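For reference, the structure is listed below as structure tokens.
The values are calculated or read from the model by the stated rules, or taken from the named source; none is laboratory data. Please read all numbers here as calculations on a predicted model, not as lab measurements. A quick note on method: Cβ atoms are made from the backbone with ideal geometry, for glycine too, and the neighbour counts reach across all protein chains shown.
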Amino acid sequence: MSRRVCDFVGLFLMLMVGCLIVSVAAGAPASDEDPTDFGEAAKILPKPREIWPILEKEHVVPREFKVESDEIVTSDTDPSLKLRKVRARFYSQRVGGKRWVHPCTILMPADNSRNMTPERKGKVVIFGGGTGVIQDHEIANYGEPIAARTGYPTMVLGNPGEYEDGMNLEAEVGNLGKLRNETGKPYYNMNCQLAVVYIQAMNAFQEFLGLDTVKAVIGGHSKRGRSAPVAAAMDPRVASAVIMGNEAYFPNDMTHPNLCFYHPFFQEQVNVPVFYLGVTNEGGYKMFNVTNMKRQLRTPLTVHIIPNYVHSTYHPVQYMDFLMWVAHTFDGRPLSQISDVTTERKGNRTFFRAKVSGDAKVKVVKLWIAYTDNPRWRDVMWYDYLMWDRGDYYETSIHGKTPDAFMIEVSDIAQGISGYVSTVPHKLTDAPVEERDPEFGYLPRFWEPTE
């Protein structure tokens, strides 16, 4: 182990004493002028690339990749196409004395000769799911269409998976914080351990395909989403990362070890494109967290925020957007770019303008607006309005009361694949914003528990 890594371990242990008492430690404030500057934390906290050698030595286990079934099926997306469908499992790591096992389903063309050409060889997709185990709907709506439409081998992965006795690990990852306290090893963090799963999935894919290396689009929902950039920082085989539905935001004046796995903090180690695929009605976070997080990044995210959807993975647009992103990463499918977003109040109307550029064909540009009657922005309804092409920009206006928030969305198509991009939500008024209930914030506002 390098001296630098050893020094970081020592720093970690010292930080544990002070940082576990208060989740946001009062470190030296970073510059107010530069939200990308993490001040003292950048001087003392290690980042994923430095942490990976420790994990590889202390926790990674032999994969023991095992194929459980291997069949040829007719594609649902394109019935003229035959797909090879493989169910398998592998191990990733040992945590708390127990090995993590990961069921997975791989889909790829039955005739894979096209993927052995130099321009396609080794390109794969890994969808990390949304619940920790494989769901049939994820295979049907993410895995199968991506494999059929793009032709790239696609894995639907159980992340974090399960223990060897079959117990689902999804709820168990909450114990990583307890392990951190007990062992004094601050790298016990769900976004760290789930990144290891992605790395081992790339290793398993590489082994299965009999290749020397792969280049992978990786991503998933919630904790699996935020773990994808961590894996990208640790492993150069990641071609791009997709973050779905996790609005965690940390200010840049904190020095808590959780910051080690927060994308803006280690952004210079992520040298690949990142797609944030979010929703307006998340649970457990403050509204506009993504807007604030985006300001902390020197390299802009590609963003699509789905209006009027919640912390879940069943929206048809999510299926489209993940496919779009794979095509963008591997085949150069162009994406529309939204810029020069402005608002102007004239008399009784609010005008909204934006420029849209790029080589994709624009199908429609929309303004989405919202008004809130509660500080947690629970069950807020977003309404859409067409924006009109004025030549150099798109424009629309709304009469009456100024909206509390707005965003702009573009639907486009290129290479025969439709998709969406948007701005982040922008706040227009002084409407208060409070943290949503982390336990029940994803449920309807008027839901309440019963006996």
Among the residues of the stretch 412-430, write down those that are closer than 24 Å to Thr150 by Cβ, surrounded by 14 or more Cβ atoms within 10 Å (Cβ to Cβ) and of a type outside the set (D, E, K, R).
Ile413, Ala414, Gln415, Ile417, Ser418, Gly419, Tyr420, Val421, Ser422
Take Val317 and tell me if it is under 27 Å from the mean Cα position of the chain (by Cα), surrounded by 17 or more Cβ atoms within 10 Å (Cβ to Cβ) and outside any strand (DSSP E or B).
yes
In the set Ala216, Ala147, Ala232, Ala195, the lone residue that is more than 25 Å from Lys66 (Cα to Cα), buried (at least 24 other Cβ atoms within 10 Å of the Cβ) and among the small types (Gly, Ala, Ser) is Ala232
Restricting to the stretch 391-411, name every residue that is among the small types (Gly, Ala, Ser), surrounded by fewer than 22 Cβ atoms within 10 Å (Cβ to Cβ) and closer than 18 Å to Thr423 by Cα.
Ser397, Ser411
Residues satisfying the stated conditions in the stretch 372-390, i.e. more than 17 Å from Ser336 (Cα to Cα) and surrounded by 17 or more Cβ atoms within 10 Å (Cβ to Cβ):
Thr372, Arg376, Trp377, Arg378, Val380, Trp382
Of the numbered conditions (1) over 24 Å from Trp325 (Cβ atoms); (2) outside any helix (DSSP H, G or I); (3) among the polar types (S, T, N, Q), Thr213 fails exactly one; give the number of that condition.
(1)
Considering only the stretch 77-98, state which residues are under 19 Å from Asn112 (Cβ atoms) and touching a residue at least 60 places away in the same chain (Cβ under 8 Å).
Thr77, Asp78, Leu81, Leu83, Val86, Ala88
Restricting attention to the stretch 393-429, report how many residues are closer than 17 Å to Gly358 by Cα and either touching an Asp or Glu at 6+ places or on another chain (Cβ under 9 Å) or of a type in the set (A, V, I, L, M) (or both).
14
Taking the condition of being at pLDDT below 95 and surrounded by 20 or more Cβ atoms within 10 Å (Cβ to Cβ), how many residues in the stretch 123-135 meet it?
4
Options Arg87, Arg120: the member that is surrounded by fewer than 24 Cβ atoms within 10 Å (Cβ to Cβ) and farther than 19 Å from Arg237 by Cα
Arg87
Among strands (runs of 3 or more DSSP E) lying entirely in the stretch 361-443, which contain 2 or more residues that are touching a residue at least 60 places away in the same chain (Cβ under 8 Å) and of a type in the set (Ser, Thr, Tyr)?
417-422
Enumeration of residues in the stretch 251-302 that are under 14 Å from the mean Cα position of the chain (by Cα), in a loop (DSSP other than H, G, I, E, B) and farther than 24 Å from His426 by Cβ:
Val270, Val272
Just checking, which of Ile134, Ile139 is under 24 Å from Cys192 (Cα atoms), touching a strand residue (DSSP E or B) at 6+ places or on another chain (Cβ under 8 Å), among the hydrophobic types (A, V, I, L, M, F, W, C) and free of Cβ contacts under 8 Å to residues at least 40 places away in the same chain?
Ile134
Identify, from the list Glu182, Glu138, Glu144, Glu170, the residue that is at pLDDT below 95 and either closer than 24 Å to Ser312 by Cβ or assigned to a loop (DSSP other than H, G, I, E, B) (or both).
Glu170
For the stretch 93-114, give me each residue that is at pLDDT below 95 and outside any strand (DSSP E or B).
Gly96, Gly97
